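First comes the structure, then the notes that go with it.
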Amino acid sequence: MKMTSIVKTAFKALLILLLTISVDAALAQPGGGGPGGAGGPGGTGGPESIPIDGGIGAFLIAGAALGAKQLHSHYKKKKLG
């Protein structure tokens, strides 16, 4: 089995895993905080309810893409040299 096919298979598996996790996070709904709680109908929505999940997910995806690019260029250089 060639190294490039291993890298492609690993990349596809990582992509499927990330998409599965992102779908689960996208379907999440905030809890109904009631009159005194934040994040739901009737909630106050104070500073503690600021979502940071989207930014973290974007950085994780960007890091995975950069790592895949580095692996690809490493194996490509190794094959040529």
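The values are calculated or read from the model by the stated rules, or taken from the named source; none is laboratory data. Since this is a predicted model, take the numbers as computed values, not measurements. These area figures cover heavy atoms from the full protein model, side chains too; ligands, DNA and RNA do not enter into them. Shrake-Rupley method; radii C 1.70, N 1.55, O 1.52, S 1.80 Å.
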Can you pull out every residue in the range 1-23 that is among the charged types (D, E, K, R) and either in a loop (DSSP other than H, G, I, E, B) or at pLDDT below 70 (or both)? K2
Quick check on the range 46-81: of everything there that is charged (D, E, K, R) and open to solvent by 100 Å² or more (accessible area, probe 1.4 Å), which residue is modelled with the highest pLDDT? K69
How many residues are modelled with pLDDT of 60 or more and open to solvent by 70 Å² or more (accessible area, probe 1.4 Å) when one looks only at the range 24-45? 5
